[in-house]
1. Which ones in region 97-119 are small (G, A, S) and modelled with pLDDT under 90?
2. Would you be able to tell me the number of residues in region 345-373 that are touching a residue at least 40 places away in the same chain (Cβ under 8 Å) and aromatic (F, W, Y)?
3. Return the residues of region 251-288 that are surrounded by fewer than 17 Cβ atoms within 10 Å (Cβ to Cβ) and within 24 Å of I125 (Cα to Cα); say none if nothing qualifies.
4. Determine if region 103-115 includes at least one residue that is within 19 Å of F150 (Cβ to Cβ) and either in a helix (DSSP H, G or I) or not hydrophobic (A, V, I, L, M, F, W, C) (or both).
5. When you scan region 259-266, do you find a residue that is modelled with pLDDT of 90 or more and not in a helix (DSSP H, G or I), even just one?
6. What tally of residues in region 74-112 results from selecting those that are of a type in the set (S, T, N, Q), closer than 16 Å to A256 by Cα and surrounded by fewer than 23 Cβ atoms within 10 Å (Cβ to Cβ)?
7. Which is modelled with pLDDT under 75, among the small types (G, A, S), more than 19 Å from the chain's Cα centre (by Cα) and over 21 Å from I145 (Cβ atoms), of A51, A17?
Amino acid sequence: MLAVPLLVLRLTHDPLAAGLAAALRGVGYLLVGLPTGPIVDRLNPWTVLVAMDVVRAGVFVALSVLAWLGTVRLWVILALAFLAGAATVFFDAALAVAVKDLFRNEGLLRANSVLETAAQTSLVIGPVIVGMLAATLGIASALLINAATFVVSLLSLSAVTRRGDMVRPHRPTRRGGMIGGLGTDFMEGLRYLIAFRPLLVLTVIQTMLNLCLAADTLIIFFARVTLDLPMPQVSAVVAGGGIGGIAGAVMATWLAARIRALPLIALGIAVAAVSLLAMGVSTSWWSLLVANGVQVWAVIVVSIVNRSTRQAWVPRDLLGRVTTTGRALFITATPIGTVIAGATTRTFGNDPRPAFLGAGALIAVIIGVGWLAALRRYDASDTRPQKSIT
């Protein structure tokens, strides 16, 4: 998230290039998101997890060596970065399948909560470590440490496979090898997504939610430029979101034990809407910090419960393609929302408050209509996964 953009900025000082380098996962979904699911559904997910860690470790070792040599070109950095992003897309899809293989019912929620807690903690600690390394030992050292993190992940996966904890489900032989019939497989997953009404409703709502939540990319601009806050307070505002994310990941299981899945998702989205509205009227660093923390807390709770519900609903043989299809929609919505929020801010004289207020109001309308028109009719605990739709 930080090491590659720092390397790009050292070479070019180009904000667009640095932005692309920071959006590895998003660009990865745009490049390989749709075929990833059908491919993962044909493979052992543990093999995919191990292979993708090898690829990502290799990418960051290569970037570190190139940075040390001082001969690296921008297109090489971006090509390697996008390769790492594509590998992450495969890793995400395989992880969703592996978690479904290992856990059932409430165990899915607990497992996703633990994984999300680790992810949110890394988002708080990781940039700090990279920033310190880049300032003291140089960006090449930071990139090498990045590579080491994937080696640690690889070793942990290897330990699980040696113990035999993973599930090895039967894989049917398909005509045409690994590539043949991918289009048919993808359409099968898409038909399932469209035909399973509760899942379709959640997918549409989350896509619209991500479109609106893109307004929060303006929070640093709001804090630094609009409110004219000093850097320590800007950092505190950003850190507040990270702390909220950790709290949401830790609390998701506790909340899900007391509130049914679909009402909890709706409630979390409503809280996110209110927090965006609060950002739009914030006049101090502490109120912006609280609003950001609450917003990220709500989004993480919704994400964990939604992910666990999808894993429980979708048949195992369709999970990879349904997961990547949904995520491709979610992630594509974010850059579109960012452009809309930025244009709105420019229209109002570089004031992002209307963007926050508009996004919060739109999210409130979306979840209100979604709940009244569809979600309240369903109960996630009573909804049974459908068979493959052909």
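1. Within region 97-119, G107, A118, A119 qualify.
2. 2
3. M251, W286, S287
4. Yes, the conditions are met somewhere in region 103-115.
5. Yes, some residue in region 259-266 is modelled with pLDDT of 90 or more and not in a helix (DSSP H, G or I).
6. Count: 1.
7. A17
The values are calculated or read from the model by the stated rules, or taken from the named source; none is laboratory data. Here the structure is a predicted model, which means the values were calculated and not measured. No Cβ is skipped: glycine too gets one built from the backbone with ideal geometry, and neighbour counts run over all protein chains shown.
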